[in-house]
Each structure stands twice: as C-alpha cells, then as structure tokens.
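Below is one structure, written out as structure tokens; the observations come after it.
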Amino acid sequence: LPVITVWRAVGSAVWTAFALALPLVWVEAALRYVASLAARFQAGSITADTVVPYPRAVRDAVRAAATQACRNPWRAFTVGVSRPVWSDASGGGGGGAVVPTLRGYTEVAWRDDPAAHINILEARAALGALLLSAPPLKRSAVPIIIDNSCAAYQLLRGRGRPDAANLAIRAAYEWAARHAVGLQPRLVPSADQPADVPSRADAPYARPSVAR
C-alpha cells in the first residue's frame, strides 16, 4: 500500500479512538453522581421519584463532553491543577468569591441585581470569581468550588438557563480558552463554602483571606 494511504488510515484510527474515548472522562463523573443518588436512596433521604435514571446521567455526561471539547478543548489535555476558586451568590442579589491572587487569597463581595434569578446570580458569581483571580497555570485544570448544584451542572455542561446565565457561562469558557485552562466545577455543602459569607454582605468589599 502507498505510504500516504497507510498514514491516512492510522490518522483516522487515532482520531476516531480519541473521539470515542473523550466522553469517558465525564461518564465517570456521571457514574459517581448516580452512585451518590443510590446511596441517598438507600438511606431514605430521597424517594424513587427523585433519582435520575442511569441512561439520562450518561447522556448528560456525553453531551457535556461534546460541549467541553468544542468550547474548552484544553480540559482534555490538562497536565496540572491551579489553585481553586470559590464563588457563591445569594437570593438578595449578593455575589461573593474567594480568589487566588499573587500573594495568597482575597475575599471579595459585590452587589448584583436582587430581582435576577438565582441561576443567573450563581453563573455571574462564577464568572466574576474567575475574572478576579490571578492568571492560572497554562494547561491546568481550574477547580471552581460552588455550593449550588444547578450552577455546578451549568458549568459542567457548558450552557445555562435563563439566557443571561448562559451568557455568563459562555464568558467563563471564553476566559478558560484565553488562558488555555480547563474548568473543573466542584460541588460542596454550603457549610464548606467560604464564599457564602461575602455573598451575603450588605456592601461590596475586598479583603485578604486565609490562604487555602
């Protein structure tokens, strides 16, 4: 066979394998989610009607993988982890973040539209936290810590609702692409969310925070 034919066949095989393997990164996350739901169901904390079916979780994971690959391809090639970013929002229009700076961490509070939907406020808080952060390491994963499951899911799949939330999510992905990093949303309980305090502040402020 001609060398060019063999080369093209090998290249096609490699790219096909990559396209098939890429969603597995997010399928693993979906399986962990399903396992946690099953544990909660066995403990009696949720009912059968609340459990998300396994195929739907996998479908959402694959869909998130496709979105991440298109909008933020660096996530598939990260070789390190940058310092985490915490973000939170309150229903009264407050936004807060604990962000890495060149010399530790800073706790920041700001005011947003009190009439906006909480999904919009959470998406804007995540974006604001990223914009206020010191430049992350190139080709690294940036953990963004959130205590709102809807906001974490929106960041995971790369789009949000309503439209204003979607604009903030897209801007967050543009920030990630500009810095050549991958976004890594993580969900934590509110008790473990240091950005909860500034999100409930009555007035904007910025002050040093304990390094984490």
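Computed over the Cα atoms, what is the radius of gyration of the range 79-162 divided by 2.2 N^0.38 Å, N being its residue count? Mind showing how you got there, number by number?
On the way: Rg = 12.8 Å, N = 84, 2.2 N^0.38 = 11.8 Å.
Rounded to two decimals, the normalised Rg is 1.08.
Fully extended, how many nm does the chain gain between R161 and A180 (0.36 nm per residue separation, minus their Cα-Cα distance)? Before the final figure, lay out the partial values.
Details: separation 19, 0.36 × 19 = 6.84 nm, distance 2.54 nm.
Between R161 and A180, full extension yields 4.3 nm more.
In the calculated pair-distance distribution of the range 114-179, the portion above 15 angstrom amounts to 47 percent of the Cα-Cα pairs. From largest to smallest, the equivalent ellipsoid semi-axes obtained for the range 95-212 from the alpha-carbon gyration tensor read 19, 19, 13 Å.
Relative to the current alpha-carbon distance between A115 and T101, full extension at 0.36 nm per residue lengthens the span by 1.9 nm.
Accessible area of the range 73-212 with a 1.4 Å probe: how many percent of it is carbon plus sulfur?
Working: 3700 of 6550 Å².
Taking all protein chains in place, the range 73-212 shows 57 percent carbon and sulfur surface.
Protein heavy-atom accessible surface, 1.4 Å probe, per residue over the range 99-184: 43 Å².
State the Cα centre-to-centre distance between the range 115-141 and the range 83-108 in whole Å. Their Cα centres are 9 Å away from one another.
The values are calculated or read from the model by the stated rules, or taken from the named source; none is laboratory data. Here the structure is a predicted model, which is why all the values come from computation and not from measurement. The area values use the complete protein model at the heavy-atom level, side chains included, leaving out ligands, DNA and RNA. Shrake-Rupley method; radii C 1.70, N 1.55, O 1.52, S 1.80 Å.
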